[in-house]
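Quick notes on the structure that follows.
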Amino acid sequence: MQSRTLTSFLEDVKLEDVRETPVETPISGSDGFVIGEIDLKGFMRYLDKSTIHFPRKFTVIVGKTGSGKTSLLDAITFALYKRTSRTDLPNVKIEDICQPGGYVRITFAQGRDQYEVTRGLTSSGTSYITLKRNGLPIGGAIPELDAKIQEVIGLDYVGFRNSTFVRQDEMKELGAQSGADRLEIFQKLFRLEVFERAQTVVADKLSAIRLDVEGTTSELTVRKEQQAKLPEKQEELSTIKKEIEGEKARLDELEKAIVEKGGLLAELKGKHETFLEIRTKKSEASRAIVEMGTKIEKAREDNQKAMELKQSIAQLSEETKGYESVQSRWDALKEKERKITELRGRVQIYENQKRTVGDEHQRELERLSSLISAQEERLGKITTDIGKDEAFSLLRKEGALGERIMRIEKEMEWLRGRDELIASLVKEQESSKNELDIVCSKTGRINADSFILSELQEQMERIKDDIKRKEEAYRVKEGEIDGKMREIQAEVDAVAFGVSEQEQLRGLEQKLEGMRQKRDELEQKRNELDGIGDVSKLIEDLTSQKEQKERELEQLQQSLEALKVSESQYETTERELKELEEKRRSIEAVIHGKEGEARRLGKEIEDLRAITQQIEALETTLKDLQESAEVLTLLKEKILHKKGIVMYAIEQLLPQLAREASSNLSDLTDGRFNNVRIIPYEENNRYGVRIDVGGADGESHDVQEFSGGEKTQINAALRFAIAKELASMPQVGRTFGRMKTLFIDEGDLGSLDTEVSRGLFVKKLFDMGEFFDKVILITHLTEVADRFPSKIRVYMTPEEKSKVEVLREA
């Protein structure tokens, strides 16, 4: 009997309660996901815009390691699911792989519809996504569009990645891993981990139900304990009712006594009110007498104070006579003092100016003197006493004398025989020679210092002239300041404010201060006297009023004495009535409390009588919970456990995979190996999958016993068989969608050491076109890439940017 495939198995098993998303009906007309093109910018190393078309069934993507070939697979999952192999790593965020303004756009077919998805970040770094179907936009927020994309594709991120991508080194996994790890790989590829999640869900539900069982059992126990208290509560209620009757009888007797006391109190109330009225009037009269006595005493004090104030006012008025005259004399002297102070301030200003001008003049003289000293020091170092002008004059004179002597000699030649003329010429010649000797003695002292000497002499003259000018300017300025100071001194003399006037001013200040204080005191006492006024009449009126109030107080006291007996009887009756009313309130409170307790017990008794129905309902609920717990325990420990439905699925799946892998391996090895056995096993409560391959010796060997190239061929045979099975699965909801595009990243082709084995690998890859609409191989091997009809190259620029170019589309 032929083994069932996973496809038929999934059609029989219901997973509504354990899926991450609800199972939906298969998408109408869906033939599977088929990639169209990829357009990206600002994503990973693809900083500039790049577009990749996949027009052919078979396409190869070539490029050096690290150029960005594998990043294209991340671009696809980024656009569809906002996840990549990079962001699956810890501490890697979307912003690390997509720049602001970056995006990935992909187009794909699903059934008869064409879709376009664009996902990226705006220039401000905000995420966005757009989705179109057959050119028309589909609206919605990002979470809604993410759900729509997953619904269209029929797979979540993990399912899509396992079904569509065969990444680097994945070819090695099945052969290299242990048996338990191989089982995990099969579960991951065929999405069987859903049953593990189902087991977790069932375990959670079982824990919750067990808690409910404990809670229901505890509640049932409590209810039964409560039901047992019903007779006791009924007896307690009967006792309380009897106590209430007894308290009500006492309350009736007390009411009669209160009525009797109330009547007596009403009879005494008239005299009581008269007593209160008289007592109030007596209190008011006593208070008025005290107040009047206080006012009389105060008036007498004010009268005495007024007499004292009049005496003080008379004395102070005498002492402050002539205040205005003293003030006038003080004002005149104070003005002179102010004027003198102002003039002395001006004198001080000019003295400061004179001192400043003198200091500046002295500093300038010292500066010029230092310049003269420096020039004299330089003159001391001069090696000649002949200046520039004198030197030029001597040199001109020397030349003129030389020319004169030569001219005389010529003239003597011309005048030979004329002795009187020659004698005159000889005398002139000797005179010229003597003068020339004197000039030559001076020109011998001419050197380079002659020019410096003249310059230094000129500078010395200029400095001396400058000193003279500054001395004259200083004398003029000093004279001006002295003139101003003399003018001010004349004004000081005109004011005539000396030591005598100053002492007189101080004396007037002290006298004014004393008179001013007395004037203030005089004004204060006058105000006090005005405030007191004439109090003699007031004293007389208050004394009369006080005597009248004292007579009224004596009459009121006599009236109170007459009412004291009836008031004492009223107070006693009122006190006894309040005591009776307090007892009544106490008995009423007791009755109210016991009636409340009776109502509470009555309600408890009603509740206890109703507990019987609750107990029956709780017993039914407990029975249902226990039955549910038994079912969930069975699911958890028998059905959803690996030894249950998972191993059942694997056992149904593996025979078909082994047959397909055997056929693939025969094609890949040209018939050298053609027998693959995939066997599930259980050992020490651990489950795994063993992979045996018939070797050249006719014996079966574990896949790890083969060479590197042979293991690559075996792993490729297994992976191709799995890919075919996944591509053949029907579109079922969002978890088991069909994939009609296959990406193989490298595929471990480097371990195939012969061109023949690589050729067989590529031929088998082309055979996969029977099950996939698009097959894309990513490789760095040129001889493999040359076999593909469509060829795309990915390369890295010197600026470390990934670029794409189409090498062949024919």
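Does the range 70-88 contain any residue that is in a strand (DSSP E or B) and either free of Cβ contacts under 8 Å to residues at least 12 places away in the same chain or at positive phi (or both)? Checking the range 70-88: not a single residue is in a strand (DSSP E or B) and either free of Cβ contacts under 8 Å to residues at least 12 places away in the same chain or at positive phi (or both).
For (1) hydroxyl-bearing (S, T, Y); (2) in contact (Cβ under 8 Å) with a residue 60 or more places away in the chain; (3) in contact with a Lys or Arg (Cβ under 7 Å, 6 or more places away or on another chain), each residue gets a yes or a no:
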{"site": "E245", "(1), (2), (3)": "no, no, no"}
{"site": "K248", "(1), (2), (3)": "no, yes, no"}
{"site": "L276", "(1), (2), (3)": "no, no, no"}
{"site": "K281", "(1), (2), (3)": "no, yes, no"}
{"site": "L316", "(1), (2), (3)": "no, yes, yes"}
{"site": "E324", "(1), (2), (3)": "no, no, no"}
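Residues that are open to solvent by less than 70 Å² (accessible area, probe 1.4 Å) and within 29 Å of R469 (Cβ to Cβ) within the range 334-350 comprise just one, Y350. Annotation: of all residues in the range 380-411 being open to solvent by less than 50 Å² (accessible area, probe 1.4 Å) and in a helix (DSSP H, G or I), the one that is farthest from Q457 (Cα to Cα) is E411. Output the residues belonging to the range 43-99 that are open to solvent by 10 Å² or more (accessible area, probe 1.4 Å), at pLDDT 90 or above and of a type in the set (D, E). Hit for the range 43-99 is D48, nothing else. How about the range 794-810: which of its residues are open to solvent by 80 Å² or more (accessible area, probe 1.4 Å), more than 42 Å from the chain's Cα centre (by Cα) and of a type outside the set (A, V, I, L, M)? Across the range 794-810, the qualifying residue is only E809.
Could you list, in sequence order, the residues of the range 147-165 that are in a helix (DSSP H, G or I), of a type in the set (A, V, I, L, M) and crowded, with 18+ Cβ neighbours inside 10 Å?
Result: I149, V152, I153.
Whether a residue is hydrophobic (A, V, I, L, M, F, W, C), in contact (Cβ under 8 Å) with a residue 24 or more places away in the chain and surrounded by 11 or more Cβ atoms within 10 Å (Cβ to Cβ) was assessed, and L230 passes this test.
Within the range 697-749, the residues that satisfy the criterion of being assigned to a helix (DSSP H, G or I), within 13 Å of F761 (Cβ to Cβ), hydrophobic (A, V, I, L, M, F, W, C) and modelled with pLDDT of 75 or more are I714, A716, A717, F720. Could you check, for the range 490-512, whether at least one of its residues is in contact with a Phe, Trp or Tyr (Cβ under 8 Å, 6 or more places away or on another chain) and open to solvent by 90 Å² or more (accessible area, probe 1.4 Å)? No: zero hits.
Here R519 qualifies as in a helix (DSSP H, G or I), farther than 22 Å from R355 by Cβ and open to solvent by 80 Å² or more (accessible area, probe 1.4 Å).
T107 - would you say it is surrounded by fewer than 20 Cβ atoms within 10 Å (Cβ to Cβ), modelled with pLDDT of 95 or more and over 30 Å from N684 (Cα atoms)? The answer is yes for T107.
The values are calculated or read from the model by the stated rules, or taken from the named source; none is laboratory data. Everything numeric in this text was worked out from a predicted model, so none of it was measured. All Cβ positions, glycine included, derive from the backbone under ideal geometry; neighbour counts span all protein chains shown. Note: areas computed on protein heavy atoms with side chains; ligands, DNA, RNA excluded. Shrake-Rupley method; radii C 1.70, N 1.55, O 1.52, S 1.80 Å.
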